[in-house]
Amino acid sequence: MLENIDDRLKFLLGLTAAATAKYLATWWLREKRQDRFELVGTVKELICYPVKSCKGVYVDEAECTKFGLKVDGVFDRHWMVTRDNGRFLSQRQEPKMALITVKVTESGVELSAPGMSPCQLSRDIQKTRNNISKCTVWDCNTQGLDCGDAAGQWVSQYLGKPGLRVMFYSHDLEKRTFINETKPWFTRTLETDYCGYADWATYLFLTTSSLEALNKHLKKPLTMKSFRPNIVIDGTDAFEEDTWEEILIGEDVQMRCLDACSRCVLTTVDPEKGVKSEDGEPLKTLKRIRSIPPYDKYNECVFGINAAPDVCGTVQVGDPVYAIRKLQQ
């Protein structure tokens, strides 16, 4: 019997030693990794876009979650306007969407637009057999809870297009994991990278210095509103974000940089007027100065960095931002 006790004790001691060694190794690797972070700037702006392709909500503090920024219970891009075939609608087709203001309320959000009475959208929609609809974001098939006839009629009237609907992404629907939404270049996505109705990644970083550098090439300077970032960073060199591999915001929030954000005709929409530019700017200039490897092989221009969170938490305007740079190839 004593021999059995000794064997069990040896086994437990062995497990303890193995666990301790694993902890120490993990701690050492984490500490070495933390040493690679360097201060690159501070958070200047935080913007949540509850309704895809509508105006953003500027805040001083937000919760960083797996599904995007969360402000007072409302998540980034969890409502979306769709056509009668379920396909998403954006400023690419309807520039006037840029003039739809979104206000966070206790129950969800309130939409307002020129010449329209406000429209209320609830975030507490109960899932039933009758209100789950199939919808698509680019080539991704996903689901949404239909927000009802009043919401559909509101956007249809404002945009002058019959048959439009408003969908809400509830977290008890099928999860949209964008690792399956492939790109022709390498991205650092994981199976746990989720999003609602964002085009692709849950977060987009832009730096004030990069916008300043772009504006030097434009006749009409633009604001960040033309590029719809979630997190604006101040204090960096222009296009320094191209070199980042990981980001630490404050003391806790850590994000993986996935790839540079490829840009399209949506950037040509004037966010204050809701019309596209006649000269094709800033897309024309971006194609000239920001078609960089490896994106140039696919005739793409890039501006900003797509990211996904590995460690979530609270982010605030003024938080320091640290980065691990990519290793030189």
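The values are calculated or read from the model by the stated rules, or taken from the named source; none is laboratory data. Quick caveat: nothing in here was measured; it's all calculated off a predicted structure. Here Cβ is always computed from backbone atoms with ideal geometry, including for glycine, and neighbour counts include all displayed protein chains. Side chains included, ligands, DNA and RNA excluded: accessible areas come from the protein's heavy atoms. Shrake-Rupley method; radii C 1.70, N 1.55, O 1.52, S 1.80 Å.
A few comments on the model shown:
- The set of residues in the range 137-148 being more than 21 Å from residue 101 (Cα to Cα) and either surrounded by 14 or more Cβ atoms within 10 Å (Cβ to Cβ) or aromatic (Phe, Trp, Tyr) (or both) consists of 137, 138, 140, 142, 143, 144, 145.
- Failed item, numbered, when residue 151 is tested on (1) more than 25 Å from residue 276 (Cβ to Cβ); (2) open to solvent by 10 Å² or more (accessible area, probe 1.4 Å): (2)
Here's the yes/no breakdown for (1) open to solvent by 60 Å² or more (accessible area, probe 1.4 Å); (2) closer than 27 Å to residue 64 by Cα:
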site	(1), (2)
111	no, yes
129	yes, no
135	no, yes
159	no, no
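- Single residue of the range 248-266 satisfying the filter (touching a helix residue (DSSP H, G or I) at 6+ places or on another chain (Cβ under 9 Å) and farther than 22 Å from residue 293 by Cβ) that is most open to solvent (accessible area, probe 1.4 Å): 265
- Residue within the range 64-84 that is modelled with pLDDT under 95, open to solvent by 10 Å² or more (accessible area, probe 1.4 Å) and over 15 Å from the mean Cα position of the chain (by Cα) present: yes
- Scoring residue 202 on the criteria (1) closer than 20 Å to residue 100 by Cβ; (2) surrounded by 15 or more Cβ atoms within 10 Å (Cβ to Cβ) leaves a single failure, condition (1).
- Selection status of residue 88, open to solvent by 10 Å² or more (accessible area, probe 1.4 Å) and either in contact with a strand residue (DSSP E or B) (Cβ under 7 Å, 6 or more places away or on another chain) or modelled with pLDDT of 95 or more (or both): no
- Where residue 106 falls short, out of the listed (1) surrounded by fewer than 20 Cβ atoms within 10 Å (Cβ to Cβ); (2) under 20 Å from residue 263 (Cα atoms): (2)
Here is a yes/no grid of residues against (1) of a type in the set (Phe, Trp, Tyr); (2) within 19 Å of residue 232 (Cα to Cα); (3) open to solvent by less than 30 Å² (accessible area, probe 1.4 Å):
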| position | (1), (2), (3) |
| --- | --- |
| 271 | no, yes, yes |
| 277 | no, no, no |
| 281 | no, no, no |
| 284 | no, no, no |
| 291 | no, no, no |
| 294 | no, no, no |
| 298 | yes, no, no |
| 305 | no, yes, yes |
| 313 | no, yes, yes |
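- Residue count for the range 60-100, restricted to those that are assigned to a loop (DSSP other than H, G, I, E, B), of a type outside the set (A, V, I, L, M) and touching a residue at least 40 places away in the same chain (Cβ under 8 Å): 14.
- The C-beta contact set for the range 172-186 (first residue without any contact (Cβ under 8 Å) to a residue 60 or more places away in the chain, second residue open to solvent by 80 Å² or more (accessible area, probe 1.4 Å), distance under 8 angstrom, 6+ apart or interchain) comprises 172/127; 173/127; 177/191; 179/191; 181/138; 181/139.
- Listed by first and then second residue, the pairs with beta-carbon distance under 8 Å, at least 6 apart or on different chains, first residue in the range 216-232 and in contact (Cβ under 8 Å) with a residue 24 or more places away in the chain and open to solvent by 20 Å² or more (accessible area, probe 1.4 Å), second in a loop (DSSP other than H, G, I, E, B) and among the hydroxyl-bearing types (Ser, Thr, Tyr), are 228/49.
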